[in-house]
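The values are calculated or read from the model by the stated rules, or taken from the named source; none is laboratory data. Because the structure is predicted, anything quoted here is derived from the model rather than measured. Quick reminder, even Gly has a Cβ in these numbers, built from the backbone with ideal geometry, and neighbours come from all protein chains shown. Heads up: the accessible areas ignore ligands, DNA and RNA and are worked out on the full protein's heavy atoms, side chains in. Shrake-Rupley method; radii C 1.70, N 1.55, O 1.52, S 1.80 Å.
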Amino acid sequence: MNRSRSSWDKKAPQPPVTRITRSSSSQARHSDPPQNQDSGPGPYGKQRKKQADSALAQDLSLMSVSGQDGVPTSKGQMSKGSSEPVQAAPSSGSRPGQGRPLAFPAKSSSRGGLASVARLVKLGRCKNVVVVAGAGISTASGIPDFRTPGTGLYANLEKYNIPYPEAIFNIDYFSNDPQPFFSLAKALYPGSHRPNYIHYFIRTLHHKGLLLRMYTQNIDGLEKLCGIPDDKLVEAHGSFATASCHLCYTSYPAEEAKHAIMNDNVPTCSFCAATVKPDVVFFGEDLPQKYFLHTQDFPKADLLIIMGTSLQIEPFASLVNTVRSTVPRLLLNRHAVGPFEKVPLRRGDHVELGDLEDTVRRFAEMLGWNAEIEELMRTQETPSIPTKISSPPSVNVQTPCQSRGASEPPVRMETSRSRPGAPRATSSGGEETDSETDSKSSASSCQSN
Ligand code: CNA
């Protein structure tokens with residue numbers, strides 16, 4: 001997250017660009033990079049061509065949209081010709097989107113996409129699942145997202161006294177006036193919210209040994225709280241777990257920063273006296289070094305699940321285009337977003353629109369995982385009801401000791417801001433968490449029920 005050059009940039013030269021900064025993007029590019037158009041060996045590459053008649057080939061040739069009448073896009077439009085689920089003909093060599101648009105009878109089932117992907121998982125075809133998530137996975141926990149009209153934080157920003165919504169995450173604006181962000185931070189600080197069914201579904205993917213990695217834009221910490229281990233998680237926009245000076249990057253105790261912010265004080269750097277902020281990535285700041293795991297993960301993925309994001313923030317949004325072109329992608333969201341706004345959809349793309357918690361529950365039922373998830377939630381969750389944030393700035397002030405539930409699993413802190421001398425992120429952590437142990441034991445016994 002350093003805005004200045006740091007030594008880890010030199011030590012970790014594998015990314016093609018030296019700095020990846022967060023940017024709000026209305027120009028998100030959704031074209032598939034040429035290097036990802038391969039159909040190399042693997043379950044969905046050359047091998048697949050030999051199995052043109054197989055169930056897998058049929059599943060992959062499906063392009064489906066379901067869940068609602070039409071396809072509301074992120075811009076609030078309805079995609080043309082999509083009032084019914086759309087199914088492309090099985091691939092016969094020509095690529096969908098080339099030549100005349102495909103017009104095939106709609107699938108009889110309105111739940112085709114979800115069922116197709118569930119089938120792939122049950123067939124054992126998806127063992128390296130990458131999940132890409134956004135604020136929509138946490139709205140069921142009572143945390144508003146950004147862009148949902150009416151309830152989203154961007155619709156309620158007049159209370160923060162800022163000139164435009166993105167100012168709240170603008171580092172220069174923060175430098176001048178940290179109060180708008182601190183007001184929002186009081187609402188978003190981990191502690192008053194609990195993970196929901198969606199988080200536990202992703203944890204269950206991990207338990208089954210199927211989760212290659214989860215990439216989240218969320219800063220609420222609910223992924224860790226539900227037990228997704230650190231080495232399976234990339235918090236691409238940082239987190240509140242650590243804090244540091246926004247100017248000189250000297251680290252600062254996260255709990256002290258929280259205590260100050262919650263009590264309307266401004267934490268200041270002991271070294272340069274500038275304002276300290278939680279290590280949440282602002283626009284123009286570098287993403288955490290762990291983000292670069294995507295260069296290994298996305299080419300390896302055999303299923304991409306995208307949930308609860310408008311895919312508006314770069315470079316995160318473009319990640320979804322970096323899986324191999326033959327890898328199925330499943331969008332679970334209220335609206336079609338990013339490359340899923342295209343008609344026709346890319347071969348192997350599936351869209352399931354509607355309330356995310358409902359959708360994920362149906363998906364889990366198709367997979368036969370629902371009882372397990374319910375049981376996991378029963379054993380992990382306290383009976384407390386999550387607090388709804390209807391008016392972000394008026395959220396109750398909490399002391400640090402009030403903020404953590406007694407049943408909260410241990411949370412391993414990570415340095416999300418890249419610093420000189422910081423250790424490079426690796427795909428496997430040195431320590432083994434409880435849930436990793438769970439994963440290994442359950443992976444052998446209950447793959448894809
Ligand atoms: P966004 O732009 O607000 O998009 C959220 C998406 O989720 C939208 O497309 C919604 O339609 C969809 N959605 C919301 N609720 C549901 C639901 N119940 N069922 C189905 N779909 C739903 O948020 P993004 O994550 O795309 O934007 C990235 C920002 C938001 C990141 O930088 C985060 O830091 C930031 N953010 C995070 C949190 C959090 O940590 N919980 C909360 C608010 C904002």
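Pick from R203, R147: which is of a type in the set (K, R) and at pLDDT 95 or above?
Result of the check over R203, R147: R203.
Just need a number here: residues in the range 173-198 that are farther than 19 Å from E223 by Cα and of a type in the set (G, A, S).
Number of matching residues: 2.
Which of (1) under 15 Å from the mean Cα position of the chain (by Cα); (2) more than 14 Å from the ligand (Cβ to nearest atom); (3) open to solvent by 30 Å² or more (accessible area, probe 1.4 Å) does L303 not meet, given it meets every other one?
Checking L303 against (1) under 15 Å from the mean Cα position of the chain (by Cα); (2) more than 14 Å from the ligand (Cβ to nearest atom); (3) open to solvent by 30 Å² or more (accessible area, probe 1.4 Å), the one that fails is (3).
Mind telling me which of the residues S244, S270 ends up being more than 21 Å from L153 (Cα to Cα), in contact with an Asp or Glu (Cβ under 7 Å, 6 or more places away or on another chain) and either free of Cβ contacts under 8 Å to residues at least 40 places away in the same chain or buried (at least 23 other Cβ atoms within 10 Å of the Cβ) (or both)?
S244
Given the condition closer than 23 Å to L212 by Cα and crowded, with 24+ Cβ neighbours inside 10 Å, answer yes or no: does some residue in the range 258-267 qualify?
no
Which members of the range 308-335 meet the condition of being surrounded by 24 or more Cβ atoms within 10 Å (Cβ to Cβ), within 16 Å of the ligand (Cβ to nearest atom) and not in a helix (DSSP H, G or I)?
Across the range 308-335, the qualifying residues are G308, T309, L311, R329, L330, L331, L332, N333.
Filter the range 343-380 for residues that are more than 16 Å from the ligand (Cβ to nearest atom) and under 16 Å from P328 (Cβ atoms) and give the result.
P344, L345, R346, R347, G348, D349, M366, L367
What helices (runs of 4 or more DSSP H) lie completely within the range 130-209 and have 3 or more residues being within 15 Å of the ligand (Cβ to nearest atom)?
179-188, 197-207
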